[in-house]
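Here's the structure we're looking at; comments come further down.
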Amino acid sequence: LLTGATGFIGRHCIEPLNRRGWEVIGVTSDAAEPPETDGVSWHRADLLDPAVPAELIRETRPEGLLHLAWQLTAGSVDNFHWARASLQLLMEFAQQSGRRAVMAGSCAEYDWGAEQPLGEDSPRRPATPYGVCKNALGELVESYRTEVGLSAAWARIFFLYGPGEAENRLVASVTRSLLAGEPARSTHGEQLRDYLYVEDLADALARLVDSDVRGPINVAAGRSVRLKELVEEIARQLDRRELVELGAIEARADEAPEVSADVSRLAQELDWQPRFDHAAGLERSIAWWRQRVGIVAR
């Protein structure tokens with residue numbers, strides 16, 4: 001059972017799950033008809049409806065659960081509803097049919113001012129309702145899976161880019177501006193962040209579903225990059241360096257200079273590492289945006 005299956009991350013998880021032999025039941029709340037996709041049967045469901053999780057599990061009887069659904073663009077209060085609904089879904093899954101669950105956490109759970117890189121045991125001090133709710137849910141998942149003996153992992157996902165990314169995110173925003181021949185304005189770009197190409201993330205999550213790794217685990221590239229390096233690489237590939245305006249937007253005074261992941265568990269226990277470097281990942285992202293907006297770079 002793959003929730004959020006039409007979302008930015010979920011849509012990329014179908015193929016690697018199929019490749020590993022899983023029959024995917026895709027769950028979406030989108031009103032639009034889901035795309036016809038090989039290897040997936042679709043269910044439209046509103047997981048925030050308290051009656052739905054139990055009905056969904058009874059109807060589909062999944063052995064595995066990859067729970068990604070969460071409405072990032074919703075109001076702050078909605079995060080608390082998603083935390084409640086996510087725990088309810090996991091409990092129904094464990095009680096009825098489930099044997100292996102992977103739930104999506106976030107680097108927003110951590111104290112970004114702590115010593116870098118951040119390991120699974122690093123201090124957590126979320127600064128947003130989203131981070132607070134993810135952190136609380138992660139602790140509940142860890143306690144519950146221990147109590148009932150469920151094989152479950154809490155995947156703390158760091159920074160992402162790739163096809164399907166929200167338009168206001170860094171890579172998407174810069175790419176769209178440069179494709180349109182418009183200035184790409186950003187902060188100074190000296191911030192260090194651990195970015196991962198979304199298809200690599202999907203591959204890691206599929207492997208995590210197939211494993212018995214339990215508890216919290218960072219899912220990231222394990223190598224940080226300065227934001228300006230991503231911007232400059234996009235400009236280089238599009239040959240539009242003159243449109244890059246680093247420093248045009250003032251950085252927040254409280255912005256963390258570095259947010260990096262310790263991926264020791266990911267590398268050692270899951271035997272996984274990214275396939276795409278940033279040049280290759282950005283090339284694929286640019287190609288997707290070029291096709292979507294119908295602009296051909298000069």
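The values are calculated or read from the model by the stated rules, or taken from the named source; none is laboratory data. Given the structure is predicted, the values throughout are model-derived calculations rather than measurements. Methodologically, a virtual Cβ is constructed for each residue, glycine included, from the backbone with ideal geometry; neighbour enumeration extends over all protein chains shown. Quick note on the areas: whole protein, heavy atoms, side chains included, nothing else; ligands and nucleic acids left out. Shrake-Rupley method; radii C 1.70, N 1.55, O 1.52, S 1.80 Å.
Tabulated data for the structure shown
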item	result
Rounded if a/c under 1.5, otherwise prolate or oblate - the range 179-264, Cα gyration tensor axes	oblate
Percent RCO, i.e. relative contact order, over the range 167-298, from Cα pairs under 8 Å lying at least 6 residues apart	38 percent
Long-range amide H partners of L65 with built H, under 5 Å	R100, A101, V102
With Cα atoms, 0 to 90° folded angle of helix 227-238 axis to the chain main axis	70 degrees
Projected label distance in nm at A114 and E269, using a 7 Å step from Cα toward the beta-carbon	1.5 nm
Estimated distance in nm for a label pair at D239 and E139, the labels positioned 7 Å out from Cα along Cα-to-Cβ	5.5 nm
Per residue solvent-accessible surface (Å²) - the range 161-255, probe of 1.4 Å	42 Å²
Helix-only mean residue ellipticity at 222 nm for the chain, each DSSP H run of n ≥ 4 adding -39500 (n - 2.57), per residue, nearest 500	-12500 deg cm²/dmol
3J(HN,Hα) from dihedral phi, the range 139-149, Karplus parametrisation 6.51/-1.76/1.60, rounded to Hz, x for glycine, proline	5, 5, 4, 5, 5, 5, 5, 5, 5, 9, x
Part-to-part distance (alpha-carbon centres) for the range 1-19 and the range 62-107, which is given in Å	15 Å
When the convex hull of its Cα atoms is projected in every direction, mean area for the range 13-93 (nm²)	5.7 nm²
Cα convex hull of the chain, projected area averaged across orientations, nm²	15.1 nm²
Label point distance in nm, R61-E36, each placed 7 Å from Cα along Cα→Cβ	2.9 nm
Cβ-derived FRET efficiency at R0 30 Å, F80 paired with E255, nearest 0.05	0.70
Value of relative contact order over the chain, rounded to a whole percent, pairs C-alpha under 8 Å and six or more apart	18 percent
Packing-based order for 260-267, 187-194, using average beta carbon neighbours within 10 Å, highest first	260-267, 187-194
